[in-house]
Each structure stands twice: as structure tokens, then as C-alpha cells.
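Peer 1: One structure follows; several queries about it will come next.
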Amino acid sequence: MKMRFIKKFVMVLACLATGAAVHAQSVDDAIQNLKYQKFRTAKQILQQYLSTHPKDDRAYYYLGLADLGLDLADSARMDFQQGLQVDPNSPLNTVGMARLDILNGKYDDAKAKIQQAYDASKGRDFEVMRAILEATALSPNADNRYAIDLLLQMKNDRKNKKYNFTADDYIALADAQLQLPGGAGDAATNYQNAFYADPKDAQAYDKYAEVLMSARAFDNALEYYHKAIEANPNYPPAYLHLYEYYRLRNLDSAEQYLNQYMGLADDKVNAQVNLVDLLYTQGLLQHDTSKYRQAIEKANEIMNQVNDVTQTRLYKLIAVSDLALGDSLDAKKNMDIYFSRHPDPRYAKFDYQTYGQILMKLNQDSLANVYFAKAIDADTTRDLNALRGIAEDLRKQDNFRGAALYYKKILNLADGQAQVADYFWYGFSLMYSDEPDSAVAVFQEMAKKFPEKPNQRTAYYYWGQALMMKDTASTGPVGLAIEPLQKYLSLVDTVNAENQSQVTRVYYYLAASYLTKNDYDKASSYADKLATYNPQLASQIYTQIAVNYLHAKNREGATSFAQKALKINPGDSTSQQILDYYKQLDEYNAKMREYEKKKKQSGG
């Protein structure tokens, strides 16, 4: 009897152990698929698991995450609520509800739920702590510092001192740190800690690569994307990120990585949005307008097959394709639909820039500037080098207004660490945004802050150039830029051939300005210097002085400057006409004198 009881007891234990193993395997496998962004697969696993384990509140939480990944927020809410019905104090599902609050901008409500979940877990459950960090990392407006402080409080508790952080712990911490101002460095360190803790964690390498990419350390980022693939060749996000990197650099590589991503993605219908993106990119890089049309056609073809998030993205892709085809009105219409659908705020910077460009095409410059400013405000980047890279890209696209806004942000953030190039490119971008007064102020500040001779020379030259933009009187320049340009000349080596273009422009402007002021001595003096570099421009100054003297009936001045002009530019027809005029006048006067003489002699 006793033996039978023992055997039965052992069998029960075996069954319980087997059930626990299935539980761990099933839920953990779903969690792994969530890490791989295979939300549909994770959902299927959890639904199957819950059909036999309906009282597992933990599984409902991860089912909710899968539904959120599939853009099924209402289903996710039901999942979390079911988990709370199983266990009203379930910390994970309480965090799940906090996630929904964060996604809906209810940050205070979310914080209260997070504290409730932390208290329910008694500061002992690191899985709950990871969930908290992952939730706050959804938005920079959530209290990420508070979540990180909870983690530190938990780690420093003597009862948890034996606990060793896992790769997932480090990743969750890094995700939250990445949302803090200046937190990219700490985040990068903890992503590194994650792959040190588990060298096979592809997500850790991939997220570290994303930080490097944001810092524009492209070569290093590529290395770590490939490390992610080496760690697990079936990790889809790394292939997608490589596609995103190469899409504007190497279309063959981009297409290769996109095909690999599409082969691994478990939501192939919604993943087709990337095919639309590829068509748009091919149009952009190959200057092939047919690709833009194909992108629009493909977007319309799949529009009713995909979820709301993907539909929202398709409207934007249609809009940018419209813009590339020159259909600004249709581009605006589709961007308006896109904005009405509450798009992902992570892309607000690009969205506002795009809308600003559309408005510029529609000659709505004032409103366009509002959206360019919004783009800057939406950019949470505080890494100065990353911001410099963005500004440089905008300059290369001739979007000087957008570049100027970024350089302004750089100077505001630099806190004494601004470089001379930041001031130069800010002023330069303002000039080409047709804001000469603002450009002058920047170059004046540059001259004050950087006393080195080369920097002074550059500052005064472009200070002068900005003032020259304003000096556009129909009668000729009135000399607004004389002071900074004379200062420039005092600093520059006028003999150096490298400076010839700038020096030529300065001498011509100064000569022309003094000509407008009727100060012919100074005008002639600068024209004499200009003749060394550009005789034709110098001859124009001499000729105009000659013309002015001609009108003033100053023959000596007129002939003197006409002769100077012809000496350096024999083809100057106006100066030749002046000399010919005086020659003809002399001949006429001589004939008249002869006529009068003969008339007198004849007694007439």
C-alpha cells in the first residue's frame, strides 16, 4: 500500500515536472519569437498554449505584446484584462495596461500602474522589472528615469545581490536609457554588456548597431549587424536594418537584404510595404519615374489587405512618390490622410520635413517653415556629430532652410563645445535660405569667438557676402559690406592663387561701391588691384568712371579712364567710343575753326 502511494506520488511529480517543462518551453518560445518581431508566430504559440493552460496570467501578458506587435491594441487590452481576471494582482498584466496608457499618452496613469506592478512583485521579479523598462522605453515622455531608478533599487536590495543580470535585463535597461537626454552612451554600454552576457543574443548586437548608426559610425554599425546575423542567421530585424542602410547607397545589396528579410518575416502581407519602399527608392536613385508609378500602384493594390499601421505608412509612400512625380497637390492630400491616422511619432522628424517640402512646392513658404521647425523639435537627438551629419545631408540636398534649423539646434545644445564649422555652416545655410541679416549676426559671432587668423578671414568674408546680398540697389552697390570686406583684405594673402576667386570678388565689389558713391579715386584704386586678377572686370570700372566723367563734361577724366580700360582690355567698345567721340569732336571743332577762319578772310 505504502509502495503504491509512493509510486503514485512519483508519477504525479513527474507529470507536474513535465507540465512545467511544456509551460516554460511554450511561453519562452513565444518570447523568443517576440524578440525576433515574429508576432504572428508568437500569437499562435500562445493561443495554443492557453487553450490548455487558461489560468496562466503570464501567457496572457505575452499574448498582449504579440497583439500590440500586430497593431491590435483592442485585442491586447482584452489579453491583459483576461490576465488580470486570472490574477487581479498580476504584475505583468498591470504593466501591460501601463503600456497601453503610454501608447495613448497617459503617462501619469502609466506611472501609477508601474508602481503598483513593482509593489505587487515585491521588488523580487526581474521579469516584471524588464516589462516595466520595456514599457517606459516606448516613449521619451514616459518616466524612464523613474523606471531605471526602480531597477537600481531592486538590484541593490540585499536579497537580490546574488542575481546576475541576463542579456535581456541589459537590453531592457539600455532601451530605457536610450530615451533619456544624452543616454545613448550608457545604452551602448549595456547593449555591449548584453552580448557579453550572451554572445548568441542577436538582438543585443542589432540594437548596439542601431546606436552606432544613429551616431553615424556606419562601418562599425555594419560590423555589428553582421555579428547579429552570425549569432543567429534567422533574426529578421538585422536584415531589415541592413536593407534600410543600403537602400540609398547600394540598391543591389538593399534588394538582397530585403529578400532575406521577407523570407524570414512571419507577416508577409504587411511586410510588402517594404517592396513599395524599394520601388520608391529605385525611382529616387535610378531617376526612373516609372518606379514611382509602380510604387503607387503596388501601395494601392495591397492597401485593403494590410493592417492600419501599414496602411498609414503606405499613404506616406504614395505621398513621397507623388512629390517625386511633381504632383504636389496629390502629395499633400495623401500626407494629410497620413497625419489624420496618428502616425508613429518616431518618424515625426521626416514627416514634418516632407510636409514642409511639399508646402514649399505649393509656394506656401511661411507654413513650410512652421513644419521645418516642427521637424527640428521632433528630433530628440542630442549627439552633436549625429546632428551635424543630418544638417550636412540637408545641405547636400539644397535644403538650406532645414540645415539652418539643425545648425541652430547644434549651437543651442553645444554649451561651449560648438566648432567653428558649426557657426560657418549655420551662417552659410542662412544666406542660402535668403536670410542675410541672420547670417550676418552668425558670422559676427563667429569672428568674436574664433580669433585665429584663418577663422577671422572666413568670418569677415562671409559676413561681407551676406551684406552684399542686401546691397542690390538698381544704381549699383552702395557699400553695405565695405567694412567687413576691408577687414578680410587685411587678413588674406592676396598673392596666393587659392584666394584669387574671393579676392577678385571683393575688389570688384569695393570698386563698384566707391563708384556708386562717386569716389573715383578709391574706385580706381581697387580697380587697379582687380586688374591683376580680372582685367575685364577692372576695365568695366574704368569705363564707367569714364562715362561718368563724360556726362560731367570732364574730358580729361573721361579720356584718362577710357585709355586705362583699353590698355587692359583692347576690346572695350564703350571706352573706344568715348575716345572716338572726343576725336570726332576735335575734328569737328578743327573744321569749324577752319571754316570760321576762311569765312573771316573772305569778308563774309
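Peer 1: By how many nm would the segment from ASN496 to ALA473 grow when fully extended, if each residue of separation counts as 0.36 nm and the alpha-carbon distance is taken off?
Peer 2: Gain in length upon complete extension: 5.1 nm.
Peer 1: Using helices alone, what [θ] at 222 nm do you get for the chain, with -39,500 (n - 2.57) per DSSP H run of 4 or more residues, divided over all residues and rounded to the nearest 500?
Peer 2: That calculation yields -25000 deg cm²/dmol at 222 nm.
Peer 1: Which residues does a label at ASP365 reach in segment 320-351, if reach means a backbone N under 20 Å from a point 7 Å past the Cα toward the Cβ?
Peer 2: It comes to 328-329, nothing else.
Peer 1: When the Kirkwood radius is taken over all Cα pairs of segment 259-378, what Stokes-Einstein diffusion coefficient follows at 10 °C and 1.306 mPa s, in µm²/s? Don't skip to the answer; put the middle values down first.
Peer 2: Working: Rh = 14.7 Å.
Diffusion coefficient, whole number: 108 µm²/s.
Peer 1: Working with all protein chains in place, sort HIS551, HIS226 by solvent-accessible area computed with a 1.4 Å probe, largest first. Intermediate values should be presented prior to the final figure.
Peer 2: Numbers: HIS551 135, HIS226 65 Å².
In descending accessible area the options line up as HIS551, HIS226.
Peer 1: If ligands, DNA and RNA are left out, what is the accessible area of ILE45 with a 1.4 Å probe, given in Å² to the nearest 10?
Peer 2: Around 40 Å² of this residue is reachable by solvent.
Peer 1: Something else now. Once you have all Cα-Cα distances for segment 518-597, histogram them in 5 Å bins from zero and send the whole-percent values.
Peer 2: 4, 17, 25, 20, 14, 8, 5, 4, 2, 1, 0
Peer 1: With a 1.4 Å probe and every protein chain left in place, tell me how much accessible area ASP288 has, in Å² to the nearest 10.
Peer 2: Answer for ASP288: close to 50 Å² accessible.
Peer 1: Roughly how compact is segment 470-528, stated as its Cα Rg over 2.2 N^0.38 Å to two decimals?
Peer 2: 1.11
Peer 1: Using only the Cα atoms, what convex hull volume per residue in Å³ does segment 86-222 have?
Peer 2: 114 Å³
Peer 1: At 0.36 nm per residue, minus the direct Cα-Cα distance, what do VAL86 and LYS155 gain on full extension? Give it in nm, one decimal, please.
Peer 2: Contour length minus the Cα-Cα distance gives 21.9 nm.
Peer 1: Along its three principal axes, how long is the chain when you only count alpha carbons? Whole Å, largest extent first please.
Peer 2: Sorted largest first, the three principal extents are 171, 54, 41 Å.
Peer 1: Cα to Cα, under 24 Å, and not fewer than 8 places away if on the same chain: which lysines meet these conditions relative to LYS449?
Peer 2: LYS408, LYS409, LYS487
Peer 1: Follow-up question, since we're still on this one. Could you provide, to the nearest whole Å², the per residue accessible area of the chain with probe 1.4 Å? Show your work: numbers first, answer last.
Peer 2: Details: 31240 Å² over 604 residues.
Here the per-residue accessible area is 52 Å².
The values are calculated or read from the model by the stated rules, or taken from the named source; none is laboratory data. Quick caveat: nothing in here was measured; it's all calculated off a predicted structure. Every residue, glycine among them, receives a Cβ derived from its backbone with ideal geometry; neighbour counts consider all protein chains shown. Protein only, heavy atoms only, side chains kept; ligands, DNA and RNA dropped before computing areas. Shrake-Rupley method; radii C 1.70, N 1.55, O 1.52, S 1.80 Å.
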